[in-house]
Amino acid sequence: MAAINFQEHQHQARQSTVRLFVLFGLGLIAIILVVSFLIGLLFGSQGGEADPLAALAVGAPLTTIGVVGTSLVKSNQIKSGGGSYVAQSLGGRPVDFNTLDPAEKQLANVVEEIAIASGMPVPAVFVLDEEDGINAFAAGWSPDNAAIGVTRGALQHFTRNELQGVIAHEFAHIANGDTRVKTRIIGWVFGIAAITVLGRILLHSSWWAPRSRNSRDNSAAALLAVGLGLLAVGFVGTLFGRMVQAAVSRQREYLADASAVQYTRDPSSIGDALKKIAAFGADNRMKAAHATETQHLFFASALGGGFATHPPLQDRIKRLLPDWDGSLPTIDRTPERAERRPPGRPERAGRDMVPGLPGFPGLPGAAGLAGAAVAAAPPSPSPPPSSSAGDAIAGVELGVPSEAHIEHARAVLARIPESTQAYLHTRQGAVAAVLGLLASKRPEVRDRQLSVASEAVGMDTAYLDQAATVINDLDRFLHLPAVDIALHSIGELPYRFKQELIRTIREMDDDPGNRDLFRWVMRRAVIRHISDQDSAADDHSRYSLDERADDAATLLGIVAHLNSSGPEESGPAFAAALDGAGLPTRPLTPMKDVTFDDLDDALSRLAALEPAGRRALVTGAAAAVLLDERTTVEEAELIRVIADAVRLPVPLLLPEG
C-alpha cells in the first residue's frame with residue numbers, strides 16, 4: 001500500500017480555516033442585504049419612498065440582532081451542556097460503562113483505551129438508538145466536556161477494528177481542536193435556520209387565518225408576504241450556513257482520517273468503515289430533528305443536498321486505500337431492534353449518585369459496594385515504564401498515540417481488576433476512591449482530611465478510607481489510568497455537586513506544612529479536570545515560553561531536583577531541561593527556597609502558554625528526566641501531570657521493548 005503523507009494532509013486542512021471567518025461575514029452581509037431589500041419593498045408598497053439607505057439603516061441592526069442574538073442564546077446553551085447537550089439533542093442515550101450490552105461494552109472499552117493511550121480525558125459516550133444508519137460524531141468546547149456519539153447502526157455493523165478506527169477519527173477531532181470550532185458553528189447555523197422556521201410558521205398561520213368574503217382584512221396576505229420574505233432570507237442564510245459547514249468539515253475530515261491512521265497504523269480499519277457507509281447509500285440519512293445544524297459534526301455526511309458537508313466517500317477511501325477497486329460490501333440492512341431503550345431512560349445499573357447533598361440521594365444499599373468492589377483481589381505485579389518511556393515524551397508528536405500506545409493502554413486496563421474498574425465506573429465509587437487517594441498518608445492529617453470529606457459528601461470516614469485502597473493497592477504505574485476512569489464517572493455528576501467536590505478537595509489541602517508533592521499535584525490535576533468539565537474556556541493561549549521563562553524555570557527546577565539519580569545530578573538535569581525547552585541557562589534555585597505556592601502560581605501562569613511553548617516546556621521536563629537514561633514511575637507521573645496542567649495530552653508511557 002502506498003504511504004500516506006500525513007503532513008501534507010494536515011497542512012492542506014489547516015490552510016482552509018480562514019475561509020470560515022470570510023464565509024461568516026459574507027453570509028451575514030447577504031442576509032442583511034436581502035432583509036433591507038424586503039424592507040424597501042414594504043416601504044414602497046405603503047406609498048412611501050423606497051430609499052435603499054433608509055431600508056439598510058433599519059435592516060442591518062434588525063438582522064444582526066436577530067441572527068446574532070439567536071445564535072448566542074443557542075451557543076450559551078451548548079456551552080453550559082458541552083458535548084453531552086449536543087448528543088442529547090440528537091436523541092443520544094448515555095452509555096453506562098458497566099453495561100451488560102456486549103456492543104456498548106465494546107464501545108466503552110475502545111473509547112477508554114484510546115483516551116488513556118493519548119493522555120486525554122475519557123469523553124462522555126452516547127448511542128443514538130433511533131438511527132439505523134452508520135455514523136458517529138464528536139462534540140464539545142474542550143476535551144474535558146467532549147462527547148462521542150455513535151448510531152445504533154454503527155454498533156450493529158462495525159467490527160471492533162472498524163469501530164476503533166472511527167473512534168480514533170473522532171478523538172483526532174477533539175485533539176486537533178476541531179470539535180470546538182464545529183460546536184461553535186452549531187449556534188451560528190441555528191441562528192440562520194431560525195429565520196426559516198419563523199417563515200414557515202407565518203406561512204402556516206396565513207393559510208389557516210380566518211377569511212371573510214365581505215371583509216377587506218389583509219392580515220392573511222400580510223402574514224403570507226412576511227412569511228415568504230423570511231423564507232427568502234432563510235434560504236440565503238441556509239445557503240451560506242451549508243457553505244460554512246462544508247468549509248469547516250471537508251478538509252478537517254481528511255486530517256482526522258490521517259490522524260486516525262496514525263493512531264491505529266491500520267488504514268483498512270477506517271477505510272472499511274467508510275465502505276460500509278457508502279454501501280448504505282441514501283439509507284444512511286439521519287432522522288434526528290437537529291441533524292441539519294449538526295451535520296458537519298458527523299463522521300460521514302448525515303444528510304443529502306447540494307452542499308455536502310463532507311468530502312465524497314470515494315475520495316476518502318482512495319486516500320486511505322489507494323488500491324481500492326471500487327467494490328462495496330454487502331450490508332444486512334435489517335435494523336437491530338432488540339432491547340432498545342428510550343433516549344430519556346438510560347440503563348442506570350452502575351450510575352449511582354453520591355449521597356450527602358440535598359437533592360442527590362444515593363441508591364438504597366449503596367454502602368454495600370464497600371464490601372463488594374473495594375475488596376478486590378490485588379493485581380499481579382507489572383513492569384513500570386523504563387528508559388524507553390522517554391520516547392513517548394521527547395522527540396514527540398505529543399498527543400498523537402501510536403498503535404503501540406493503544407495496545408499498551410489495553411494491557412494496562414487489563415491489569416486493573418474488573419471489579420475495581422466497575423467500582424470506579426460508578427459515581428459514588430469514583431468520588432470515594434479519589435477523595436481517599438488525595439488524603440494524606442500521615443494518620444493524624446488523614447483523619448482530619450477524611451472527616452472534612454465525609455461531612456461534605458455524606459460518606460462514612462471508614463468507607464472513604466477503605467475506598468482509597470481501590471487505587472492505592474494497584475501498582476503505582478496504574479494510578480493515573482485509574483484516576484482517568486474515575487474522572488469520567490465524576491463528570492456525570494450534577495454541576496452543583498462538582499463545585500462542592502472542588503471546594504472539599506481544596507479544604508482538605510489547607511495546611512501547607514502537611515503537603516507532599518504527589519498528592520498536591522494530583523489534587524491540582526483533579527480540580528482542573530472537574531472545573532473544565534463545565535467550562536468552555538479551555539484555551540487561553542497568549543504567551544510564549546520566553547515570556548514565562550521565570551515560571552518555567554521554577555517548574556523545571558522542581559523536576560531537576562526530583563531526578564532519580566539524586567541531588568548531586570540536579571544541576572546537570574536543570575541544564576538539560578533548559579536546553580530541551582530552548583531557554584537560556586540560569587542558576588538553579590535551591591529546593592528549600594521553592595514553596596508549593598510558588599509552584600502553584602507558576603503552573604497557573606504556564607497554563608496560558610501558546611501551543612509551541614507548551615510542547616517546549618514538556619520537552620524540557622522530559623530532558624531532565626531522561627538525563628540518566630532511565631525513567632521511574634514517579635518521574636513518568638510527574639511528566640504527565642505537568643503536561644496535563646498546561647493542557648497538552650501526552651501519550652501513555654511505554655515500557656521497555
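Every condition in (1) farther than 26 Å from ILE114 by Cα; (2) modelled with pLDDT of 80 or more; (3) within 20 Å of the chain's Cα centre (by Cα) is met by ALA256 except one, and the failing one is (1). Checking each residue in segment 93-107 for being closer than 17 Å to THR264 by Cα and either open to solvent by 30 Å² or more (accessible area, probe 1.4 Å) or without any contact (Cβ under 8 Å) to a residue 40 or more places away in the chain (or both) picks out only GLN106.
Once segment 309-332 is narrowed to residues that are within 23 Å of ARG152 (Cα to Cα) and of a type in the set (A, V, I, L, M, F, W, C), the residue that is modelled with the highest pLDDT is ILE317. In segment 471-482 there is no residue that is more than 24 Å from the chain's Cα centre (by Cα), surrounded by fewer than 18 Cβ atoms within 10 Å (Cβ to Cβ), of a type in the set (S, T, N, Q) and at pLDDT 90 or above.
Of the residues making up segment 541-559, just one is assigned to a helix (DSSP H, G or I) and touching a strand residue (DSSP E or B) at 6+ places or on another chain (Cβ under 7 Å), namely ARG548.
Of the residues SER489, SER454, the single one that is free of Cβ contacts under 8 Å to residues at least 40 places away in the same chain, surrounded by 19 or more Cβ atoms within 10 Å (Cβ to Cβ) and of a type outside the set (Asp, Glu) is SER454. Count of segment 623-653 residues, restricted to those that are surrounded by fewer than 23 Cβ atoms within 10 Å (Cβ to Cβ), part of a loop (DSSP other than H, G, I, E, B) and among the hydrophobic types (A, V, I, L, M, F, W, C), is 2. LYS441 meets each of the listed conditions (1) in a loop (DSSP other than H, G, I, E, B); (2) at pLDDT 90 or above; (3) charged (D, E, K, R) apart from (2). Scanning segment 142-169 for residues that are farther than 21 Å from GLN88 by Cα, among the polar types (S, T, N, Q) and outside any loop (DSSP other than H, G, I, E, B) gives ASN161, GLN164.
Of the residues LEU648, LEU545, which is touching a helix residue (DSSP H, G or I) at 6+ places or on another chain (Cβ under 6 Å), closer than 30 Å to GLU403 by Cβ and in contact (Cβ under 8 Å) with a residue 40 or more places away in the chain? On inspection, the qualifying residue turns out to be LEU648.
The set of residues in segment 500-537 being at pLDDT 85 or above, open to solvent by 30 Å² or more (accessible area, probe 1.4 Å) and under 19 Å from ALA124 (Cα atoms) consists of ARG528, SER531. Checking each residue in segment 581-622 for being part of a helix (DSSP H, G or I), under 22 Å from SER565 (Cβ atoms) and either open to solvent by 30 Å² or more (accessible area, probe 1.4 Å) or touching a Lys or Arg at 6+ places or on another chain (Cβ under 7 Å) (or both) picks out MET591, LYS592, ASP593, THR619.
Kindly indicate which of LEU33, LEU42 is modelled with pLDDT under 80, open to solvent by 80 Å² or more (accessible area, probe 1.4 Å) and not in a loop (DSSP other than H, G, I, E, B).
LEU42
Candidates GLY229, GLY241: the one that is at pLDDT below 85 and either closer than 22 Å to ILE39 by Cα or in contact with a Lys or Arg (Cβ under 7 Å, 6 or more places away or on another chain) (or both) is GLY229. Please go through segment 483-509 and give me each residue that is of a type in the set (Ser, Thr, Tyr) and over 23 Å from ASP96 (Cα atoms), ordered by number. Matches in segment 483-509: THR504 only. The strands (runs of 3 or more DSSP E) found entirely in segment 66-141 that carry 3 or more residues being in contact with a Ser or Thr (Cβ under 9 Å, 6 or more places away or on another chain) are 124-128, 136-139. Counting the residues of segment 143-156 that are surrounded by 24 or more Cβ atoms within 10 Å (Cβ to Cβ) and farther than 14 Å from ALA115 by Cα gives 4.
The values are calculated or read from the model by the stated rules, or taken from the named source; none is laboratory data. These numbers come from a predicted model, not from an experiment. Please note: Cβ atoms are built from the backbone with ideal geometry, for glycine as well, and neighbour counts cover all protein chains shown. Please note that ligands, DNA and RNA were not included when accessible areas were found on the heavy atoms of the full protein model with its side chains. Shrake-Rupley method; radii C 1.70, N 1.55, O 1.52, S 1.80 Å.
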